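Trainee: The following block contains the structure, expressed as structure tokens.
The values are calculated or read from the model by the stated rules, or taken from the named source; none is laboratory data. Predicted model, so just to flag it, every value in this text is computed and none were measured. Methodologically, a virtual Cβ is constructed for each residue, glycine included, from the backbone with ideal geometry; neighbour enumeration extends over all protein chains shown.
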Amino acid sequence: MAPHPGDTSALAAFEQAVHRFDPEASAARQAALDQLAALPMPDGEALVLHHEALLFAAAHPTDTASARAVEARFRHLARHLKSQRGQPDEALTGHGLPWVDTVTRFTHDCVRWLLTHPHCQVAPDGYRQPQLDLSAVLRLTLLGLERGVTSAGLPNEELLAALRVKPAQTLAFLVDQFARFDAQPLLKDQLFDALDLFVRVRPTHAAFSKAGNRLDMGGRVFHQTELLRQFDPLALMNQRLPAPRRLNAAQREEVIRVLKNTMTLTVRETDPATYLDPVALRVYDLERGLSVGLFGMTPDRQLPLESYVGFTLFKNGFPVAYGGAWVFGERAEFGMNIFEPYRGGESGYMMCQLLRAYRQSFGLRYIEVDAHQFGLDNPDGIASGAYWFYWRHGFRSLAPELRALAERERERMRAQPSHRSTRRTLLRFTESNVALHFSGPVPPRLDALTARVTTMIARDYAGDRQRAERDCVARFERAAPPAHPLKMAERAVQTEAALLWRAGQRQSTRTAPHLAAMVHAKPRDPWTYQHRLLDWLRASPESRPTGT
């Protein structure tokens, strides 16, 4: 469809006004929406940009009337795209638009979940650059009676036909076969990835879209009349966190669907979202229309000793950012990504609200951000001067020489407000991570403790890791006998804990009970486990090396 002559000016007027909140901008937004309602819907990239502007406006309504106008525009857009089904426009794919297919690659667990989704259908869309043929996989999964067909060297489609798998059943068949590796998740992931299988996700309901995928806010709406840019970051992070939402089973299931939809609709995956454990989910409702969901992973996907806790941040119910933190004791490594449609808002305030949630949920004193977040192999981070975003909110370079360079740069900015750091200077800052250090000595890194395990295995067991594991577990169980037979997930944690105990404590029985409590808690949820881990660290001064 060719753009109407009036489209460009009306679209531009709306997009230029959407990030401003003065009365003139509000009037301009409404006038542009009124004008657009009488014009044909744009297409291609113009439609994508308009959709993103609508998402920002919907998450930041100035009043009830503006919210209703944006909702009406969403409905108009959904009707238009539904009428255009069967006329693919490549510019629209991958942007979470209603009634628009997405073709991409997901993990086995994500595809399995999509097959049960009430608002979309998913089907195979071909193997792009496979490193493994299907015969090699099915040779490991089929029953012996059928395994012979895999030795004929048939192409994938002919192999499936020989097994009488109908095209409509292909994806369900593959998911079922790979499910035989559920007890070996890392092996399953590698085999499934090696197939390089792409899938087509086809929406069957307008709810499966960025505009339709929302957290239920119970009718609560924050009306945005200005952007909060000036605030005290530390005071906000220390402000008492409210109690999490009370969720019944149906509400918890709906929140999880929204969290998982958020990643699928943005063609992304993170381990905490894909392998989300319903028990390890908390939702906090914060100020200015913000809510944050924090969630951990199922026991079979958890990391040894540390906890990878993901988040999705919502503004008036719309998912506006995602990321996570790798938590170990009183320190964490933190990463945040704001979705493209929502940039240009209250980014600093949103980050500090997230840090508030993590700091108070897990008792953190030290939060580190990787240099990739502000420019390392990240041209956008350099172009935007992202280093100074973190600096303004309390983060400082780990390297002393870079901290000194930052102080000199800030002095120049104070003396000459127009001064901007050069690209060369911003690249220098990426030579070190940055950290927000609240108080006390720097908490230990996990690798500072695990290095002791490697040293101990080499010294005491001549590098024989299986013998080290057996001996350390036996010694540990004598010091802290398990209260009940351990499940598989608990046994995995016990082995890690026993090695750490033997390497750091030299068979002391003083801290073994704390480690035993960690063994039982880790598969349950990251909050209980974190409390037990902190108990162990506080009871074990010798296991707390300083340094970053």
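Trainee: Which condition number in (1) more than 16 Å from the chain's Cα centre (by Cα); (2) surrounded by 13 or more Cβ atoms within 10 Å (Cβ to Cβ) is the one that residue 261 fails?
Mentor: With respect to (1) more than 16 Å from the chain's Cα centre (by Cα); (2) surrounded by 13 or more Cβ atoms within 10 Å (Cβ to Cβ), residue 261 is out only on (1).
Trainee: If you don't mind, another one. What about residue 349, is it over 29 Å from residue 525 (Cα atoms) and either assigned by TED's automatic domain parsing to the domain that holds residue 307 or in contact with a strand residue (DSSP E or B) (Cβ under 7 Å, 6 or more places away or on another chain) (or both)?
Mentor: The answer is no for residue 349.
Trainee: Residues in region 145-158: is at least one surrounded by 14 or more Cβ atoms within 10 Å (Cβ to Cβ) and within 30 Å of residue 492 (Cα to Cα)?
Mentor: no
Trainee: I've got another one for you. Return the residue satisfying two criteria in turn: it lies in region 267-303 and is among the β-branched types (Val, Ile, Thr) and outside any loop (DSSP other than H, G, I, E, B), and of such residues it is farthest from residue 493 (Cα to Cα).
Mentor: That would be 292.
Trainee: I need the full set of residues from region 92-111 which are within 18 Å of the chain's Cα centre (by Cα) and under 10 Å from residue 266 (Cα atoms), in order please.
Mentor: Listed by number, the residues that qualify are 94, 95, 96.
Trainee: May I pose another question? In this structure, is residue 431 assigned to a helix (DSSP H, G or I) and surrounded by fewer than 20 Cβ atoms within 10 Å (Cβ to Cβ)?
Mentor: no
Trainee: Taking only region 369-388 into account, find how many residues are under 14 Å from residue 436 (Cβ atoms) and β-branched (Val, Ile, Thr).
Mentor: Total satisfying the criteria: 1.
Trainee: Same structure again: Check 77, 49, 115, 97 and return the single one that is surrounded by 13 or more Cβ atoms within 10 Å (Cβ to Cβ), farther than 27 Å from residue 224 by Cβ, outside the structural domain of residue 274 (by TED's automatic domain parsing) and touching a Leu at 6+ places or on another chain (Cβ under 8 Å).
Mentor: 115
Trainee: Here is a list: 236, 227, 276, 247. Which entry is over 23 Å from residue 60 (Cα atoms), surrounded by fewer than 20 Cβ atoms within 10 Å (Cβ to Cβ) and of a type outside the set (S, T, N, Q)?
Mentor: 247
Trainee: For region 457-499, how many residues are closer than 17 Å to residue 536 by Cβ, among the small types (Gly, Ala, Ser) and in a helix (DSSP H, G or I)?
Mentor: The qualifying residues number 3.
Trainee: With (1) free of Cβ contacts under 8 Å to residues at least 12 places away in the same chain; (2) in contact with a Leu (Cβ under 9 Å, 6 or more places away or on another chain); (3) of a type in the set (Val, Ile, Thr) as the list, and residue 422 as the residue in question, which single condition is left unmet?
Mentor: Of (1) free of Cβ contacts under 8 Å to residues at least 12 places away in the same chain; (2) in contact with a Leu (Cβ under 9 Å, 6 or more places away or on another chain); (3) of a type in the set (Val, Ile, Thr), only one is false for residue 422: (2).
Trainee: Something else about it: Within region 483-494, can one find any residue that is crowded, with 16+ Cβ neighbours inside 10 Å, of a type outside the set (Gly, Ala, Ser) and touching a residue at least 40 places away in the same chain (Cβ under 8 Å)?
Mentor: Yes, the conditions are met somewhere in region 483-494.
Trainee: Being farther than 20 Å from residue 281 by Cβ, surrounded by fewer than 23 Cβ atoms within 10 Å (Cβ to Cβ) and either under 15 Å from the mean Cα position of the chain (by Cα) or not assigned by TED's automatic domain parsing to the domain that holds residue 499 (or both) narrows it down to one of 317, 394, so name that one.
Mentor: Answer to the selection: 394.
Trainee: So, in region 129-156, exactly how many residues are closer than 20 Å to residue 105 by Cα and either touching a residue at least 60 places away in the same chain (Cβ under 8 Å) or among the acidic types (Asp, Glu) (or both)?
Mentor: Total meeting the criteria: 6.
Trainee: Quick check on my filter: what residues within region 338-368 are closer than 21 Å to residue 432 by Cβ, over 15 Å from the mean Cα position of the chain (by Cα) and of a type in the set (A, V, I, L, M, F, W, C)?
Mentor: Across region 338-368, the qualifying residues are 364, 367.
Trainee: Conditions first: (1) surrounded by 23 or more Cβ atoms within 10 Å (Cβ to Cβ); (2) among the small types (Gly, Ala, Ser); (3) modelled with pLDDT under 95. Residue 344 passes all but one, so which condition is the exception?
Mentor: Here residue 344 meets the rest and fails (1).
Trainee: Can I ask one more? Working carefully through the options 116, 93, find the one that is under 30 Å from residue 39 (Cα atoms) and hydroxyl-bearing (Ser, Thr, Tyr).
Mentor: 93
Trainee: Let me ask another. Mind checking which helices (runs of 4 or more DSSP H) fall wholly inside region 28-130 and carry at least 3 residues that are out of contact with any helix residue (DSSP H, G or I) (no Cβ under 7 Å at 6 or more places or on another chain) and of a type outside the set (Lys, Arg)?
Mentor: 64-83
Trainee: If you check 458, 462, 406, which single one turns out to be closer than 19 Å to residue 382 by Cβ and of a type in the set (A, V, I, L, M)?
Mentor: Result: 406 is the single residue among 458, 462, 406 that is closer than 19 Å to residue 382 by Cβ and of a type in the set (A, V, I, L, M).
Trainee: With the requirement that a residue be surrounded by 14 or more Cβ atoms within 10 Å (Cβ to Cβ) and either at pLDDT 95 or above or assigned to a loop (DSSP other than H, G, I, E, B) (or both), what does region 500-513 give you?
Mentor: 511
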